[in-house]
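What follows is a single structure, written as structure tokens, with notes after it.
The values are calculated or read from the model by the stated rules, or taken from the named source; none is laboratory data. None of these values were measured; they are calculated from a predicted model. In this analysis, Cβ positions are derived from the backbone assuming ideal geometry, glycine residues included, and neighbour counts consider all displayed protein chains. Quick note on the areas: whole protein, heavy atoms, side chains included, nothing else; ligands and nucleic acids left out. Shrake-Rupley method; radii C 1.70, N 1.55, O 1.52, S 1.80 Å.
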Amino acid sequence: MSIIREKRKEKKWSRKQLAEKLGVHEQVIVRWESFNQVPTIFDVKKIHKVLKINFHDLLNDYINKERG
């Protein structure tokens with residue numbers, strides 16, 4: 001499970017709710033959570049602010065997915 005999805009679930013937010021908070025389309029959340037798209041550097045800043053995920057943890061999540 002992606003770290004973005006974990007944090008979203010902890011807050012009991014739907015994908016739509018998170019998308020609204022981040023100013024992105026709901027489909028973008030789906031792509032991030034399924035590792036089909038990597039957030040831009042601009043999105044990483046918003047993700048950190050809303051979900052409190054730091055850059056290194058987010059990056060490691062995608063790196064580990066590629067290795068696994």
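Heavy atoms only, probe 1.4 angstrom, no DNA, RNA or ligands counted: give me Phe35, Phe55 ranked by accessible area, highest first. Provide the component values of the computation, followed by the final result.
On the way: Phe35 45, Phe55 95 Å².
Ranked list, largest accessible area first: Phe55, Phe35.
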Over the range 1-40, with every protein chain in place, what whole percent of the accessible area is carbon and sulfur at 1.4 Å, could you tell me?
-> 44
Quick calc, the chain, dipole around Cα centre from Cβ unit charges on Lys, Arg (+) and Asp, Glu (-), nearest 20 debye, gives 260
The range 33-43 - phi-based ³J(HN,Hα) in whole Hz, Karplus 6.51/-1.76/1.60, Gly and Pro as x | 5, 9, 6, 8, 8, 9, x, 6, 4, 5, 5
Using a 1.4 Å probe and ignoring any ligands, DNA or RNA, find the accessible area of Glu6 and quote it in Å² to the nearest 10.
-> 80
Please give the per residue accessible area of the chain, computed with a probe of 1.4 Å over protein heavy atoms only, in Å².
-> 70
In square nanometres, what is one fourth of the surface area of the convex hull spanned by the alpha carbons of the range 12-64?
-> 3.5
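At 222 nm, what helix-only mean residue ellipticity would the chain give, in deg cm²/dmol to the nearest 500, using -39500 (n - 2.57) for each DSSP H run of four or more?
-20500 deg cm²/dmol
Pop the C-beta distance of Arg67 and Gln17 into the FRET formula with R0 = 25 Å and round what comes out to the nearest 0.05. It would help to have the intermediate numbers written out before the result.
Details: r = 31 Å, r/R0 = 1.24.
With a Förster radius of 25 Å, E is 0.20.
Ordering Trp32, Trp13 by accessible area with a probe of 1.4 Å, largest first, what comes out? Numbers along the way, then the final one.
Details: Trp32 0, Trp13 55 Å².
Reading off the accessible areas and sorting them downward yields Trp13, Trp32.
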